[in-house]
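The values are calculated or read from the model by the stated rules, or taken from the named source; none is laboratory data. The structure presented is a predicted model; accordingly, all values stated were derived computationally and were not measured. Methodologically, a virtual Cβ is constructed for each residue, glycine included, from the backbone with ideal geometry; neighbour enumeration extends over all protein chains shown.
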Protein chains: 4
Amino acid sequence: MPKPTFFNLPEEKRKRILDVAMDEFATYPYSKASLSNIVARAGIAKGSMYQYFDDKKDLYTYILDLAAQEKMSYVKRELDQKTDFFTTFERLMAAGTRFNLEHPQLGQVVANALDVPGEGLLHELYSKGREMTIEFFEHMLKEGMEKGEIRGNIDPRLAATLMYSLVGQGLADYLLETLGVTMHEYLANPEISQKLTPERIEYVVTEVMKILRSGFEAQK
Amino acid sequence: MPKPTFFNLPEEKRKRILDVAMDEFATYPYSKASLSNIVARAGIAKGSMYQYFDDKKDLYTYILDLAAQEKMSYVKRELDQKTDFFTTFERLMAAGTRFNLEHPQLGQVVANALDVPGEGLLHELYSKGREMTIEFFEHMLKEGMEKGEIRGNIDPRLAATLMYSLVGQGLADYLLETLGVTMHEYLANPEISQKLTPERIEYVVTEVMKILRSGFEAQK
Amino acid sequence: MPKPTFFNLPEEKRKRILDVAMDEFATYPYSKASLSNIVARAGIAKGSMYQYFDDKKDLYTYILDLAAQEKMSYVKRELDQKTDFFTTFERLMAAGTRFNLEHPQLGQVVANALDVPGEGLLHELYSKGREMTIEFFEHMLKEGMEKGEIRGNIDPRLAATLMYSLVGQGLADYLLETLGVTMHEYLANPEISQKLTPERIEYVVTEVMKILRSGFEAQK
Amino acid sequence: MPKPTFFNLPEEKRKRILDVAMDEFATYPYSKASLSNIVARAGIAKGSMYQYFDDKKDLYTYILDLAAQEKMSYVKRELDQKTDFFTTFERLMAAGTRFNLEHPQLGQVVANALDVPGEGLLHELYSKGREMTIEFFEHMLKEGMEKGEIRGNIDPRLAATLMYSLVGQGLADYLLETLGVTMHEYLANPEISQKLTPERIEYVVTEVMKILRSGFEAQK
DNA sequence: AATGAATGAGTTTTCATTCAT
DNA sequence: GATGAATGAAAACTCATTCAT
């Protein structure tokens, strides 16, 4: 948790610090990400950082938390309208993928979490998100089963895990791949994003759903 | 690539070096893995390492390569007998998952690849394996389409990518999760593996196939 | 010297600051004692400290001064009744030792003075106390000589220095040692002091006086 | 303990490092003594220091150990000829004092030991010397009692502790004081030592012995 | 070919002190 | 007078890489 000092900072400065830190943690794995770098680029004194955060890990977990929250709130908007299972899932996938492509840094910050020493501590936070997401999918599946939208003879927990693995970075990576671009190149050249039209994203998501749908869907 | 020097080494010494390095790279993320540690545990001089490999990255990519090859050759054994698409894929998934559980280190080495700085260089190698696997799946799918085993209206490249994301660590992780065990705990307590009977693995794979099958399978 | 500001402070606050500082300087050697710690525990702003004292050293010397004064005034009470040299010295030793055991912090503050860098400045103050004490003993000795209580053929200054080295922490340390306790453990567990009865202290002091009085030499 | 690497160093270099380190630890209290300073003055790389010693504390304890050993071996030479208690003690005092004046740094290194954090650890080593010395004196006293040289009615442990407090820095400090010189000035101006003739040292030691031998009490 | 000491840039973190509000 | 954020020099320590033997 940041210290109160951090929240007393002028909006502009706080944002600058977070932006720079986000960028650093997205670019380098945790152990290579450098506080010295961050403060230099943010134009603040090294000691100041320690008046805002306990230590490097504290800063990182905060960034990670922010990333998770932003994605959550972005994706959650799709849940307002109640529809059937397949439509909801399709919307979630599309939103998640769009978010990953619009904020490629955030995804990288999460990916770099693997590197944090004292593994458990961080992993905990990192997988809390995974855990929650999987549980949400499981819930969706069970509801779908009750409504008769989903076949009854599938293991909901396992299916939810599968869904999670599809919703993560997977589709975004696939889309970049079809452009012959790696995530790193994409991070460096933001203008590439213009080649990824909403239609293109929609198409891929629909394709995936097509495959899954006739799999999950109850057979008449 | 290791220098010729490395291959002139007595078998026993070469193996020792690789074993220790594998363990180190499985235990720590790339940037935390320590050459000093490796040479100390392998009982060789630090300078020698640089007569075998160009640098840390060179050693790592070689280890990574070995890991990939081992998995490949393990999994490839399932391809001998020609059967239909679904049976083949099921066997591949089962074999991959068994391998991941029997050689958890190798999987970790791959997972830790994400951490390598200097971006593309490493990713390249890491995704060469990915690339090859996906292409293989794509080939399988197209063959299946021709034989009429697979629906014709799916994007084979996309589907292959999906298959890849299912075959990776995913199922192994899921199995460990059902035991309430993290990969780190599993690495530390190898005896846990006894709880993962072949039947249990078979069950999970069958479940996944059940889901996929009626999705991919051509409708009559 | 504290600035006037400090003396304008409400009694209660002033005392709190001094108590906390005393504790810190008793616990850690000068260079490890932390102003940040002190202000945090005293509940005042860091800047305020610099409105009370010039700097860390200024605060420390003041604390040191207080410690010396307190001990002085405690010990001086023994000087009211005029008696012979030996009785007076015995009383001083006993009082000094009791004080050291009752206020172990103060002794530690003095002991930690050795640590102050920038040499002379601090030593000066530290040894002002030493100087004064030795001079006082010298005076006592000379008086004793005149009265015929003390042999005339000893160097009073040297003897006074010897007396000083006996009166310091020495006896208190010895007493703790006989309990198998270090000064640090004693500081942490104040209840130990109950094992050090006045009789026990008296005994040790008497023993020392016995030695000094008639010397080591066997009596014929 | 230094690592083997250190002992493989050319004599000249090893000595230079120890000299510089000794000087640093004699000049500054442990926490202010700076490794960076030491390596700079010794003209070696910072990393090298860590190939010779585990860490700062390791270097310090080694220096401390050396200091103690040197003093020990210097003083022990006086023990060859068997004589009576008083003569032996007088010789030990004289030798100890001479040593302190000839190697003022070593005494300072010991004095600065108080500052080492994780107190116990270091204190242990520091007071092992104290412990041994006191026990040696105790032994001397008991022997003297058996031979009838020493009165039987004194507490030998307490007396030994007293003797220890006299043999330490005390006399050296006194001698410097009579020159109006502090230890720090003495360390900085080694030529002062010429004013401290052996006769002067002998005189002071004899004076002290006179006092101890027959006591303070006037003879009837 | 093997060794292992040497290197030094780089890391995170601490803390007394200053200064604008 | 009080505040507490800002500062930055300095600390201990790490480690991949080089190079003389």
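The table for this structure:
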read-out: Selection status of residue A:25, within 16 Å of DNA strand E (Cβ to nearest atom) and within 14 Å of chain B (Cβ to nearest Cβ); value: yes
read-out: Unmet requirement for residue B:25, which otherwise passes all of (1) under 29 Å from residue A:107 (Cα atoms); (2) out of contact with any Phe, Trp or Tyr (no Cβ under 9 Å at 6 or more places or on another chain); (3) buried (at least 21 other Cβ atoms within 10 Å of the Cβ); value: (2)
read-out: Qualifying residue in region B:77-92 (condition: surrounded by fewer than 13 Cβ atoms within 10 Å (Cβ to Cβ), away from chain D (no Cβ under 14 Å), more than 16 Å from DNA strand E (Cβ to nearest atom) and assigned to a helix (DSSP H, G or I)); value: yes
read-out: Qualifying residue in region B:153-166 (condition: out of contact with any Asp or Glu (no Cβ under 7 Å at 6 or more places or on another chain) and over 19 Å from residue A:212 (Cβ atoms)); value: no
read-out: The listed residue being farther than 19 Å from residue B:83 by Cβ, more than 10 Å from every other protein chain (Cβ to nearest Cβ) and without any contact (Cβ under 8 Å) to a residue 12 or more places away in the chain, out of B:182, B:197; value: B:197
read-out: Members of region D:10-53 found to be over 20 Å from residue D:67 (Cα atoms) and touching a residue at least 40 places away in the same chain (Cβ under 8 Å), listed by number; value: D:51
read-out: Within region B:138-156, tally of residues that are within 13 Å of another protein chain (Cβ to nearest Cβ) and buried (at least 16 other Cβ atoms within 10 Å of the Cβ); value: 7
read-out: Scan of region D:157-167 for residues that are touching a residue at least 60 places away in the same chain (Cβ under 8 Å) and more than 7 Å from chain C (Cβ to nearest Cβ), ordered by number; value: D:163, D:167
read-out: Hey, residue D:46 charged (D, E, K, R), surrounded by 17 or more Cβ atoms within 10 Å (Cβ to Cβ), within 16 Å of DNA strand E (Cβ to nearest atom) and at pLDDT 85 or above or not; value: no
read-out: Long-range neighbours under 8 Å by Cβ, at least six apart or interchain, first residue within 17 Å of residue B:163 (Cβ to Cβ) and facing chain B (nearest Cβ under 7 Å) within region A:205-220, second at pLDDT below 75 and in a loop (DSSP other than H, G, I, E, B); value: A:214/B:219
read-out: Among (1) of a type in the set (D, E, K, R); (2) more than 9 Å from every other protein chain (Cβ to nearest Cβ); (3) over 20 Å from the mean Cα position of the chain (by Cα), the one test that residue B:130 misses; value: (3)
read-out: Residue check for residue D:64: more than 14 Å from chain C (Cβ to nearest Cβ), of a type in the set (A, V, I, L, M, F, W, C), within 16 Å of DNA strand F (Cβ to nearest atom) and touching a residue at least 12 places away in the same chain (Cβ under 8 Å); value: yes
read-out: Single unsatisfied condition, residue A:101 versus (1) within 16 Å of DNA strand E (Cβ to nearest atom); (2) among the hydrophobic types (A, V, I, L, M, F, W, C); (3) touching a Ser or Thr at 6+ places or on another chain (Cβ under 7 Å); value: (1)
read-out: Failed criterion for residue D:15 (all others in (1) away from DNA strand F (no atom under 13 Å from the Cβ); (2) touching a Lys or Arg at 6+ places or on another chain (Cβ under 9 Å) hold); value: (2)
read-out: So residue C:18, is it among the hydrophobic types (A, V, I, L, M, F, W, C), within 24 Å of residue C:184 (Cβ to Cβ), away from chain D (no Cβ under 14 Å) and more than 12 Å from DNA strand E (Cβ to nearest atom); value: yes
read-out: Total residues in region B:170-199, condition under 30 Å from residue B:144 (Cα atoms) and surrounded by fewer than 13 Cβ atoms within 10 Å (Cβ to Cβ); value: 2
read-out: The lone exception for residue C:59 - which of (1) closer than 22 Å to residue C:110 by Cβ; (2) more than 14 Å from chain D (Cβ to nearest Cβ); (3) within 16 Å of DNA strand F (Cβ to nearest atom); (4) out of contact with any Phe, Trp or Tyr (no Cβ under 8 Å at 6 or more places or on another chain) it fails; value: (4)
read-out: Pairs where the first residue, in region C:70-87, is more than 16 Å from residue C:129 (Cβ to Cβ) and at pLDDT below 85 and the second is part of a helix (DSSP H, G or I) and of a type in the set (Gly, Ala, Ser), C-beta under 8 Å, 6+ apart; value: C:78/C:94; C:78/C:95
read-out: In region C:18-56, residue nearest to residue C:183 (Cα to Cα) [restricted to those that are within 12 Å of DNA strand F (Cβ to nearest atom) and among the aromatic types (Phe, Trp, Tyr)]; value: C:53
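Yes or no, residue by residue, for (1) buried (at least 18 other Cβ atoms within 10 Å of the Cβ); (2) under 19 Å from residue A:172 (Cα atoms); (3) in contact with an Asp or Glu (Cβ under 9 Å, 6 or more places away or on another chain):
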| residue | (1), (2), (3) |
| --- | --- |
| A:65 | no, no, no |
| A:75 | yes, yes, no |
| A:94 | yes, yes, yes |
| A:110 | yes, yes, no |
